[in-house]
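Student: Can you keep this structure in mind? I'll have questions shortly.
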Amino acid sequence: MLLKRMIFTLCLILPLMAYADSRNDILLKQADTKVSGEYVRQQFIKLLDKPFTDNAKKKLLVIGDSHAQDFINMVVENHLLSDYQISTRDIPTRCQPILVDNAQQYIAEKDKAFCEKADSLKKAKPKIAQADVIILVANWKKWSAKELPNTIKNLQLKPEQKLFIIGRKSFGKIKIRKYLRMSDQQLRNLQNTVDGEQVAINQIMQKRLDKSQYIDFQQAVCGAIDKCRVFTSDLKLISFDGGHLTKDGAAFVGRILFKATGLREL
């Protein structure tokens, strides 16, 4: 009788252990910043400064840093924007996609030479003039957020051109080792406090940008100004480092942004 009970108990426990091991293996793989970082860059690089050659399709230009790379992955993972030909421009975070005369005063001294050589909105203006839709995405800083109204003015867009500016995102500090010890329900309910500047920068953008142009990532995806969920309801990790999206995260976030914000117009 005792042996039967032990066998019965093992039959119950072993599948649960196998499931937990499988879940944790996936988490550990997603936490590999080298592999996940390569995923983030891949699709964006393929579209880097790609010429607009198909006059039958609308032209969409995505400009920004690694957060713009995340945006492209949202599009790819959800098979969106098939009616558009898409091109990208890479402007590093330390330089910011800003077009104002005084931008150099904000750049750190050690980055000034680098940013002079890097791509910029000024250098991208001929390509911007060709686009039907321009999307600016970045890990925005306080200074660049404040300068966005001047940047929009200096872009000198035509009335028929559409501009979207995607707000900053943060999923707080990711603690994979801690998550390995948590239950499924705990992971579903888990919310992280966003990084220190997130709230202030989003508030600047909310106040200074036209609602038809500003996509409030924090509100749409997180539903709160200072916290954000870490896992999807089916226990997929959304961000591997607190700022960039996993493959599952890109699919999840993309579905929300293209349904709940002005991006649904595209």
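Bear in mind these aren't lab numbers, they're just calculated from the coordinates by the rules spelled out. Source: prediction; values computed, not measured. Positions of Cβ are backbone-derived with ideal geometry, glycine not excepted, and every protein chain shown enters the neighbour counts.
Student: Identify the residues of segment 27-68 with backbone N under 15 Å of a label point that sits 7 angstrom from the Cα of ILE176 along the Cα-to-Cβ direction, or state none.
Tutor: 27-40
Student: Pairs LYS58/LYS123; LYS59/LYS158; LYS57/LYS162; LYS46/LYS259: which exceed 18 Å Cα-Cα?
Tutor: Details: LYS58/LYS123 22 Å; LYS59/LYS158 14 Å; LYS57/LYS162 15 Å; LYS46/LYS259 26 Å.
Cα-Cα > 18 Å for LYS58/LYS123; LYS46/LYS259; rest within.
Student: If you stretched the chain out fully between GLN42 and SER233, how much longer would it get, using 0.36 nm times the residue separation minus the C-alpha to C-alpha distance?
Tutor: Working: separation 191, 0.36 × 191 = 68.76 nm, distance 2.67 nm.
Stretched fully, the GLN42-SER233 segment lengthens by 66.1 nm.
Student: Next question. What's the extension gain from TYR106 to ARG264 if we count 0.36 nm per residue and subtract their Cα-Cα distance?
Tutor: Numbers: separation 158, 0.36 × 158 = 56.88 nm, distance 3.42 nm.
Once the chain is fully extended between TYR106 and ARG264, it gains 53.5 nm.
Student: While we're here: Quick one: Karplus J couplings for segment 75-81, per residue in order, coefficients 6.51, -1.76, 1.60, θ = phi - 60°, nearest Hz, x for Gly and Pro?
Tutor: 5, 5, 5, 9, 6, 9, 6
Student: Using Cα pairs under 8 angstrom and six or more residues apart, how large is the relative contact order of segment 31-265, in percent?
Tutor: Details: 412 pairs, mean separation 51.6, N = 235.
This gives 22 percent for segment 31-265.
Student: Another question about this same structure. Can you list the HN-Hα couplings for segment 133-143, worked out from phi with the Karplus curve (6.51, -1.76, 1.60; θ = phi - 60°), rounded to whole Hz and with x for Gly and Pro?
Tutor: Each residue of segment 133-143 in turn: 10, 10, 10, 9, 9, 7, 7, 4, 9, 4, 5 Hz.
Student: Now for a separate question. Taking 0.36 nm per residue of separation and subtracting the Cα-Cα distance, what length does fully extending GLN156 through GLN213 add? Show your work: numbers first, answer last.
Tutor: Numbers: separation 57, 0.36 × 57 = 20.52 nm, distance 1.49 nm.
Answer, rounded to one decimal: 19.0 nm.
Student: Mind checking which aspartates and glutamates have their Cα closer than 18 Å to the Cα of LYS153? Skip sequence neighbours fewer than 8 apart in that chain.
Tutor: ASP101, ASP132, ASP210
Student: Using a Cα-Cα cut-off of under 23 Å, which lysines could be cross-linked to LYS173, ignoring same-chain neighbours fewer than 8 residues away?
Tutor: Within the straight-line cut-off, LYS173 pairs with LYS29, LYS34, LYS141, LYS142, LYS227, LYS236, LYS247.
Student: Taking the alpha-carbon distance from LYS178 and a cut-off under 16 Å, which aspartates and glutamates remain once sequence neighbours fewer than 8 residues away in the same chain are dropped?
Tutor: Candidates past the 8-residue exclusion: ASP21, ASP25, ASP32, ASP241.
Student: Among SER87, LEU155, GLN30, which residue has its Cα positioned farthest towards the positive end of the charge dipole of the chain, with +1 placed on the Cβ of Lys and Arg, -1 on the Cβ of Asp and Glu, and the dipole taken about the Cα centre?
Tutor: GLN30
Student: So what are the ³J(HN,Hα) numbers for segment 56-69, from phi and the Karplus equation (6.51, -1.76, 1.60; θ = phi - 60°), rounded to whole Hz, Gly and Pro as x?
Tutor: 3J(HN,Hα) across segment 56-69, in whole Hz: 7, 10, 5, 10, 10, 10, 9, 10, x, 9, 5, 6, 5, 5.
Student: Sort 200-210, 178-188 by the packing proxy (mean of other Cβ within 10 Å over each peptide's residues), most packed first. If you can, show how the numbers build up before the last one.
Tutor: On the way: 200-210: 16.7, 178-188: 12.9.
In descending order of packing, they fall as 200-210, 178-188.
Student: How big is the antiparallel share of DSSP beta bridges in the chain, given as a percent to the nearest 5? Please report the intermediate quantities before stating the final value.
Tutor: On the way: 5 of 25 bridges.
Taking every DSSP beta bridge with both residues in the chain, the antiparallel ones total about 20 percent.
Student: Could you tell me the extents of segment 31-265's C-alpha atoms along the three principal axes, largest first, rounded to whole Å?
Tutor: 52, 43, 33
Student: If you count, for each residue, the other Cβ atoms within 10 Å and average over each peptide, how do 86-98, 102-114 line up from highest to lowest?
Tutor: On the way: 86-98: 22.1, 102-114: 12.0.
Per-residue Cβ counts within 10 Å, averaged per peptide and sorted highest first, yield 86-98, 102-114.
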